[in-house]
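Structure record follows, encoded as structure tokens.
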Amino acid sequence: MFINEVGEKEYDIAIVGAGPAGMSLALRISEQSNAKILLVESGVLESNPEINQLSEVDATGDLPSSYYPVHAQRNFGGTSIIWNGYCTILEERAFLNGEWPIPYTDIISFYKDAVEILGLPEEAYLEPSQRFPTDAYNIIYKPYYTGSPVRFGEKYRTYFSEHPNIDVLLNHTCTEVHSNNKAIETLSLQTSTGNPDSSINIRAKYYVLACGGIGNARLMQLGNIAPQSPVGQYFMEHPHIYDEAVLELDKAVIDSIIGSGRVFHALQLSDEYCVQNNLLNFAVSFSTDDVEPRIFLGEKRDAYISDATIRSEMVPQAANRISLSENVDPLQQAKGQIDFYFNYQALAKKSWDAFAKELLASGIGRATSPPDVYQEISGGGHYVGSTRMGASADSSVVDGDCKVHETDNLYVAGSSIFPAASAANPTLSIVAFALRLADHLSERFRGEYSL
Ligand SMILES: Cc1cc2nc3c(=O)[nH]c(=O)nc-3n(C[C@H](O)[C@H](O)[C@H](O)COP(=O)(O)OP(=O)(O)OC[C@H]3O[C@@H](n4cnc5c(N)ncnc54)[C@H](O)[C@@H]3O)c2cc1C
């Protein structure tokens, strides 16, 4: 239910942030146990420009400071209030390479329920990618699916307003996480608008930060949590390059694999090929709007002619980071400072050369040469990596259970935990990881509270 104040109540689990990550987590825990949950959200039910100012940052590098708050909306439902809803699963490459400390199968099993929460067609987990029926298997087809983009705040509002074990506190921003070096003791909250002296403390057995890909690292830094870890470092985006090369694809071969429900067609190099050739995952999307005749292997055939859009992962670099600015936000907290460069030109060329070679060899089609230097590399509005998952406390922030290393009761949800970005849009995987974390936390209350 929606509440206006917390009083002296102590919760089992306090979740900060009601975007897709925080809401999926609360939904699943409430379905599996009787744990008492507090969901704290900076924003209110509708978009509010004054509260959105809390997401403003200072920035240096390839993206201007005005870019970042657009993709960090503050309201009940988070950035899903404006997202486009395209979804595809993480590729296996970085799991095969050991960049993730968990096996790929650990996350694959959660996509079925994540697809349901996001209102996607079931093919999104049943047929996430397909191989072509040709001899050359280095190119795969990996579509992006959508239903209509789920606005979490609208879709799940009634569930949250009626559930007896979930308290939702809107218009309250978590400004500090208080630790005794071993565990989190309390969170400080301030009203996002209104009385600036209205700070309250809340208590829970477990705490989860689900404040988005920038907010999680910033909040940990504001509370000086895990200062020995790379919190804030390895911040990543998805480099996007639009329309700088053209694809000619054999229509009959493409038609043999694409279905009507796949809204957004993309080809990729296979995970095995990427690992063998030390390449990052790299998706090339195309449209089927224009058909023209072309000669393939000496034969005249219909071809899809399409500008190519590249979506890729990038190398994690410690120097790409979120830290605390000298300037403050409207609640007098240090703003985020983001220093970020893609450093992607050389990698894009390497990936494209490999892709063009394999596309030709596969008989699926061909690609024109892109320019030596891409005119513009833009981002996808996906913030990844700044509280990365890993095996050791020196080189990562959270462990395989999404728990902050060496802190007993603090967890992180969202794409900030991804140690590798994959070429895939993140939200389906954000939800899948939130469900996995929900199962881990629900387990703590089994026996005591199980339904
Ligand atoms: C225009 C646009 C299009 C997009 N399209 C796609 C797409 O097609 N596919 C895709 O996969 N992704 C897409 N995205 C990205 C997608 O919206 C995000 O990946 C997703 O919303 C992240 O979920 P989250 O819960 O981790 O973070 P968010 O949605 O950002 O939610 C975080 C929540 O935490 C709250 N919060 C933050 N700090 C605090 C604090 N200190 N105290 C209390 N509350 C706090 C915020 O108010 C917010 O409600 C798009 C984004 C944009 C902007």
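The values are calculated or read from the model by the stated rules, or taken from the named source; none is laboratory data. Note that the structure is a prediction, hence the values are computed from the model and not measured. Note that we place each Cβ from the backbone using ideal geometry, even for glycine, and neighbour counts take in every protein chain shown. Each accessible area value is taken on the protein alone, full model and side chains, heavy atoms only, with ligands, DNA and RNA left out. Shrake-Rupley method; radii C 1.70, N 1.55, O 1.52, S 1.80 Å.
Kindly check whether there is at least one residue in the range 334-341 that is open to solvent by 80 Å² or more (accessible area, probe 1.4 Å), more than 15 Å from Ile214 (Cα to Cα) and at pLDDT 95 or above.
So far as the range 334-341 goes, yes, one or more of its residues are open to solvent by 80 Å² or more (accessible area, probe 1.4 Å), more than 15 Å from Ile214 (Cα to Cα) and at pLDDT 95 or above.
Quick one: would you say Gly365 is open to solvent by 10 Å² or more (accessible area, probe 1.4 Å) and more than 21 Å from Gly98 (Cβ to Cβ)?
When the stated conditions are applied, Gly365 does not pass them.
Which one of these is of a type in the set (Phe, Trp, Tyr), over 30 Å from His178 (Cβ atoms) and more than 16 Å from the ligand (Cβ to nearest atom): Phe340, Phe355, Phe445?
The conditions single out Phe355.
Can you find a residue that is within 12 Å of the ligand (Cβ to nearest atom), within 30 Å of Tyr273 (Cα to Cα) and hydroxyl-bearing (Ser, Thr, Tyr) anywhere in the range 146-155?
Within the range 146-155, one or more residues are within 12 Å of the ligand (Cβ to nearest atom), within 30 Å of Tyr273 (Cα to Cα) and hydroxyl-bearing (Ser, Thr, Tyr).
Output the helices (runs of 4 or more DSSP H) that fall wholly within the range 137-237 and possess 3 or more residues being within 23 Å of the chain's Cα centre (by Cα), touching a residue at least 40 places away in the same chain (Cβ under 8 Å) and over 21 Å from Asn327 (Cα atoms), or say none.
Here the list reads 152-155.
Looking at the range 269-303 only, could you name the residues that are at pLDDT below 95, more than 28 Å from the chain's Cα centre (by Cα), among the acidic types (Asp, Glu) and not in a strand (DSSP E or B)?
Asp289
Go through the range 73-97 and count every residue that is open to solvent by less than 50 Å² (accessible area, probe 1.4 Å) and either more than 16 Å from the chain's Cα centre (by Cα) or near the ligand (Cβ under 10 Å from one of its atoms) (or both).
14
Residues that are in contact with a Cys (Cβ under 7 Å, 6 or more places away or on another chain) and more than 18 Å from Pro69 (Cβ to Cβ), at least 1 per element: which strands (runs of 3 or more DSSP E) completely within the range 322-426 meet that?
410-412
Here are some residues: Ala432, Ala348, Ala391. Which one is touching a residue at least 24 places away in the same chain (Cβ under 8 Å), loosely packed, with under 15 Cβ neighbours inside 10 Å and either away from the ligand (no atom under 16 Å from the Cβ) or within 29 Å of Tyr206 (Cα to Cα) (or both)?
Within the list Ala432, Ala348, Ala391, the selection yields Ala391.
Condition first: farther than 18 Å from Ala334 by Cα and buried (at least 16 other Cβ atoms within 10 Å of the Cβ). Now tell me which residues in the range 184-198 satisfy that.
Within the range 184-198, Ile184, Thr186 qualify.
Failed condition for Cys174, given (1) of a type outside the set (A, V, I, L, M); (2) under 19 Å from Ser55 (Cβ atoms); (3) open to solvent by 30 Å² or more (accessible area, probe 1.4 Å); (4) at pLDDT 95 or above, with all others met?
Tallying (1) of a type outside the set (A, V, I, L, M); (2) under 19 Å from Ser55 (Cβ atoms); (3) open to solvent by 30 Å² or more (accessible area, probe 1.4 Å); (4) at pLDDT 95 or above, Cys174 fails exactly one: (3).
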